[in-house]
Amino acid sequence: MFVERFALNSKISLLCLLPRTNSPHALNRFFVDIISAYENSLQPPPRELPAVILKEKIAYNSWSSIRKDLPVIERLGIGDKLESLFISLLEISFFSSYQSIDKKIISLELAIARLDAIKFFLQIAWERKLVATDSYSEISVQLEEVGKMLGGWKKGLSNKTPTR
């Protein structure tokens, strides 16, 4: 009975692993070493995405909530087309943030073309009354802002590169 009660009330201590001399100092030094080893092993935070990609993600989230309300037949048609265009826009914008300036300009032109296609198909969906007017106006404002940001990004890069 004594063994059972002792086993339930006993706790494992790590003090046996620390040196016995000057134990408060050794204990503090142990924690400092552990913390400094942890801080040195941390990776730097990932770099932030460009603001235009964050705006594109917001517009994509708005589209996702609109897409859920589409009838199944339309969701598989124009809904899937818009979905693939949105994902392509996000992908191109993300990859262009890592490319050299010459390739970045070409990628941004492609992203602007994808954005124009999104606006076109979204307008068709609104004209067919698949998208409510308030939802259409909300996402249109977001897409206009994305377009201005992409155009500004491209214009800034064009000014940096010398003409050939």
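Summary of packing: across the peptides 65-78, 47-60, the per-residue average of other C-beta atoms within 10 Å ranks them, highest first, as 47-60, 65-78.
Note on ILE101/ASP69: beta-carbon distance plugged into 1/(1 + (r/R0)^6) with R0 of 30 Å gives a FRET efficiency of 0.15. Net length available on complete extension from GLU83 to LEU54 is 8.7 nm, with 0.36 nm assigned per residue and the Cα-Cα distance removed.
Exposure proxy shown here: for ILE101, ILE124, the number of other Cβ atoms within 10 Å sets the order, fewest to most, as ILE101, ILE124.
Any read-out appearing in this document is the output of simple, stated calculations on the displayed coordinates, not a laboratory observation. Values in this document were obtained by computation on a predicted structure and should not be read as measured data. Positions of Cβ are generated from backbone atoms using ideal geometry, with glycine treated the same way; all protein chains shown enter the neighbour counts.
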